[in-house]
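The next block holds one structure in the form of structure tokens; read it before the comments.
The values are calculated or read from the model by the stated rules, or taken from the named source; none is laboratory data. None of the values given here were measured: they were computed from a predicted structure. Backbone-built Cβ (ideal geometry, glycine too); neighbour counts: all protein chains shown.
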Amino acid sequence: MLKIFLSTSLLCFWIWACQSQTPAGDSLSYLALGDSYTIGTSVEVAERFPMQLVKALQQKGIKIQNPKIIARVGWSTDQLSAAMDRENLTGTSWDLVTLLIGVNNQYRGGSLEQYRLEFENLLKRAIELAGKDKQKVIVLSIPDYGVTPFGQRYQAGRISREIDEFNAAKKKISEKYGVAYCDITPISREALKEKDLIAKDLLHPSGKMYGRWVDVLVGMLRF
């Protein structure tokens with residue numbers, strides 16, 4: 001059974017708060033922070049999960065702008081933080097912020113303790129960028145690339161175990177700050193049998209898998 005650690009009440013409040021604070025005719029702003037899973041490596045721009053999320057919300061009548069994406073393939077937590085510094089985001093406030101980072105920390109053999117420290121700092125920055133409103137921040141879990149053809153060439157079992165450890169740390173920190181946590185890792189593991197959930201590079205999610213992530217997110221929203 002798919003376990004979604006995403007608070008419906010938190011997201012309901014987010015929709016209410018955003019709509020009540022946004023003047024008629026204006027649209028909501030969205031900042032997507034991450035790595036290759038956010039920039040959508042090996043898929044078309046429209047298939048990236050932030051783009052699909054915006055389209056799905058627009059189809060539900062929510063006025064929301066195309067996302068500002070700060071993400072790149074290969075980024076770990078420290079690289080995302082440095083990129084945010086370069087973007088000079090100080091003084092800006094976003095109606096929605098998503099944060100998905102950590103797979104490259106695991107892939108490079110980074111320590112779990114260092115990840116905890118750097119992820120917590122990123123989450124605090126994300127909350128700050130959401131106008132200090134934790135209700136407007138959503139953390140997504142790290143997908144399991146061990147099930148992909150690329151991951152299967154290595155120690156797939158070890159990869160999956162370590163991904164679970166990193167996700168457990170991420171979830172605990174998200175709960176500490178009262179931020180919604182969406183566990184999309186079980187969806188990523190469906191790619192072990194459903195090969196069309198993997199992009200042509202045999203490593204990253206396909207647009208179809210990203211669509212399933214979006215279905216989970218949108219399915220938790222109540223208007």
Only one of E175, E165 that is over 15 Å from the mean Cα position of the chain (by Cα), over 30 Å from T92 (Cα atoms) and not in a loop (DSSP other than H, G, I, E, B):
E165
For segment 93-115, how many residues are closer than 15 Å to Q65 by Cα and of a type outside the set (D, E, K, R)?
5
Taking segment 178-200 and keeping residues under 30 Å from D133 (Cα atoms) and either without any contact (Cβ under 8 Å) to a residue 60 or more places away in the chain or not in a helix (DSSP H, G or I) (or both) leaves G178, V179, A180, Y181, C182, D183, I184, T185, S188
Selected residue (only one of T98, T38 is assigned to a strand (DSSP E or B) and either touching a helix residue (DSSP H, G or I) at 6+ places or on another chain (Cβ under 9 Å) or surrounded by 13 or more Cβ atoms within 10 Å (Cβ to Cβ) (or both)):
T98
Is it the case that segment 168-188 has a residue that's surrounded by fewer than 21 Cβ atoms within 10 Å (Cβ to Cβ), charged (D, E, K, R) and either modelled with pLDDT under 95 or farther than 15 Å from I138 by Cα (or both)?
no
Can you run down the residue pairs with Cβ atoms below 7 Å, 6 or more apart or on separate chains, where the first is in segment 52-81 and free of Cβ contacts under 8 Å to residues at least 40 places away in the same chain and the partner is surrounded by fewer than 18 Cβ atoms within 10 Å (Cβ to Cβ) and part of a helix (DSSP H, G or I)?
I64/Q58; I70/A83; I70/E87
Residues of segment 135-159 being surrounded by 18 or more Cβ atoms within 10 Å (Cβ to Cβ), assigned to a helix (DSSP H, G or I) and either out of contact with any Leu (no Cβ under 8 Å at 6 or more places or on another chain) or touching a residue at least 60 places away in the same chain (Cβ under 8 Å) (or both), which ones?
Q135, K136, G146, I159
When restricted to S81, S93, the only residue in a loop (DSSP other than H, G, I, E, B) and either of a type in the set (A, V, I, L, M) or surrounded by fewer than 22 Cβ atoms within 10 Å (Cβ to Cβ) (or both) is S93
Take the residues in segment 101-114 that are assigned to a helix (DSSP H, G or I) and among the hydrophobic types (A, V, I, L, M, F, W, C); name whichever of them is farthest from the chain's Cα centre (by Cα).
L112
Checking L217, L203, L221 in turn, the sole residue that is at pLDDT below 95, part of a loop (DSSP other than H, G, I, E, B) and within 18 Å of the chain's Cα centre (by Cα) turns out to be L221
Of (1) at pLDDT 95 or above; (2) not in a helix (DSSP H, G or I), A24 satisfies all except one. Which?
(1)
